[in-house]
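Here is the structure we will look at, set down as structure tokens.
The values are calculated or read from the model by the stated rules, or taken from the named source; none is laboratory data. Note that the structure is predicted; figures quoted are calculated from it, not measured. Cβ placement follows ideal geometry from the backbone for every residue including glycine, while neighbour counts extend to all protein chains displayed. Heads up: the accessible areas ignore ligands, DNA and RNA and are worked out on the full protein's heavy atoms, side chains in. Shrake-Rupley method; radii C 1.70, N 1.55, O 1.52, S 1.80 Å.
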Amino acid sequence: MSSYIGAVDQGTTSSRFIVFDRTGRIVSAAQKEHEQIYPKPGWVEHDPEEIWRRTQEVIAFAMEQRGLHAADLAAIGITNQRETTVVWNRKTGAAVANALVWQDTRVAPEVTEFVKRVGQDLFLHKTGLPLSTYFSGLKIRWILENVPGARQKAREGELLFGNIDTYLVWNLTGGASGGIHVTDVTNASRTQLMNLETLEWDDEILDLFEIPKPMLPSIRSSSEEYGQLSAGPMAGVPITGILGDQQAALVGQACFDAGEAKNTYGTGCFLLMNTGEKLVRSRHGLLTTAAYKFGDAPIHYALEGSIAIAGALVQWLRDNLGMIAASSDVESLARGVEDNGGVYFVPAFSGLYAPYWKDSARGVIAGLTRYATKAHIARAVLESTAFQTREVLEAMEKDSGISLQVLRVDGGMVGNNTLMQFQSDILDRDVVRPVIRETTALGASYAAGLAVGFFSGLDDLRAKWAADHTWHPAMEENAREAYYRNWKKAVTRSFDWVE
Ligand SMILES: Nc1ncnc2c1ncn2[C@@H]1O[C@H](COP(=O)(O)OP(=O)(O)OP(=O)(O)O)[C@@H](O)[C@H]1O
Ligand SMILES: [Mg+2]
């Protein structure tokens, strides 16, 4: 039997291909960034063809650097930035427009229109999601309305929709000559077009949004054989796992029991709690979403607190302000001062997601005086991620009735010791990082490996989880609550900016 499993991790900022062995150790890895396109304030696009090229490049590079061949891989899994929307031509493979990225806010007027016309309840009840600029459904609608002739072609079956998982699987399995058009339940649950209970596309919502059904992929489980790679260094290797990136991290952290949760600190920050086979409806501003479905086993659901901007704010300091040369430099800059000097940064660049869901919020820096330096701003940038996490964690505990004693964390920002200590302080509980930090790719490899018997089952996967570092809270109660009170005040200053 082949010794390894591969995982494509197509994220918001970069694409990775990682090869794991049976113990979960990384055998080979490659990563490439792609361009972020900002045509107007609030608009965020990617070129899907660039993403497809980068994906092929990282696969080829990771295979080559360790002299790996198709026969070395038992299967591959795919994990992806969720919600990001691609519409392309079935005959040519060409996208009809750039991909509309999850953070893009251009459909805000449609959100207002549907809230007025239909209200939130129908969408919340059927899909677990409030109407928001975040999800794919209204993004598809925007493309069909704004690309000349697109709706007609979609009706005739000439155009296909996919999130990035679907787009990559279609291309990897042959594209215009025989590519397979599928998605998994986790990605489908982020379109706002899938009924969370039946796991099928919802005709009523498709009618409301005027989205023709023939353009949608078929919805499958997260772990089964979808097809095989048609070309390249892995031709013939089966694709046997698909999970949205945040669900993949939940799986990679081995959170298979109800009540287990993880927080991933990447471009945004996403706290997910497994709620088992029970679909828990949020009353405190969280999303209800599919966690995973392994083959024929029942679906597991999750509650999710989504934060749009976390590591992206560090990148903004780097790219837009030129304040640091690399993301990791933010830590030494922030350590130049003892505290935030009264400065709070609310990064509502795409509005505010959980628990507020305010499309019309925009970013603010509050509490500035002549005392403030760039070091205070760097500190406020890091702290904003910790404060936002506390807000979604509090909502999670209220919705689930479960108190989290320890927070499992992963993602690029957990290399930042200052942030993780402050996170533990502001939550007043332990924060623990596992040995394997690439939990997103790892989770996709778990889903793929389960389908082909590479892993024997969930206990096999649970046994692989191991702690690397734990941070313990060390802040006085008074200080903690004063910080959090000021944060809450700063958040209100970001509200209702866009009219
Ligand atoms: N030491 C650090 N301190 C603070 N932020 C950091 C540090 N290292 C990386 N980051 C931030 O973490 C993010 C990258 O994390 P990660 O690699 O998990 O994201 P990603 O998987 O590329 O994100 P996505 O999947 O959303 O594209 C970047 O936004 C970067 O600014
Ligand atoms: Mg990622």
> Filter segment 298-330 for residues that are buried (at least 20 other Cβ atoms within 10 Å of the Cβ) and not hydrophobic (A, V, I, L, M, F, W, C); which is nearest to ligand 2 (Cβ to nearest atom)?
Replying inline: Gly311
>> Given the criteria open to solvent by 60 Å² or more (accessible area, probe 1.4 Å) and of a type in the set (Gly, Ala, Ser), does Ser177 qualify?
In response: yes
> Taking Asp468 and the conditions (1) of a type in the set (D, E, K, R); (2) in a helix (DSSP H, G or I); (3) surrounded by fewer than 17 Cβ atoms within 10 Å (Cβ to Cβ), which numbered condition does it fall short on, given that it satisfies the others?
Replying inline: (2)
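Picking from Lys358, Lys293, Lys278, which residue would you name as being farther than 21 Å from Tyr483 by Cα and over 20 Å from the mean Cα position of the chain (by Cα)?
Lys278
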>> Please go through segment 35-56 and give me each residue that is open to solvent by less than 60 Å² (accessible area, probe 1.4 Å) and closer than 22 Å to Pro233 by Cα, ordered by number.
In response: Pro48, Glu50, Ile51, Trp52, Arg54, Thr55
> Limited to segment 313-352, what total is found for residues that are touching a Gly at 6+ places or on another chain (Cβ under 8 Å) and within 19 Å of Phe135 (Cα to Cα)?
Replying inline: 3
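In this structure, does Pro355 turn out to be under 30 Å from Pro130 (Cα atoms) and surrounded by 24 or more Cβ atoms within 10 Å (Cβ to Cβ)?
No; evaluated as a whole, the condition is false for this residue.
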>> Going through Gly449, Gly367, Gly457, Gly351 one at a time, which residue ends up being away from ligand 2 (no atom under 16 Å from the Cβ), free of Cβ contacts under 8 Å to residues at least 24 places away in the same chain and of a type outside the set (S, T, N, Q)?
In response: Gly457
>> Need a quick list: strands (runs of 3 or more DSSP E) entirely within segment 1-114 having at least 1 residues that are more than 16 Å from the chain's Cα centre (by Cα) and polar (S, T, N, Q).
In response: 26-33, 86-89
>> So in segment 147-171, with the set limited to residues that are assigned to a helix (DSSP H, G or I) and farther than 17 Å from Ile219 by Cβ, which one is most open to solvent (accessible area, probe 1.4 Å)?
In response: Arg155
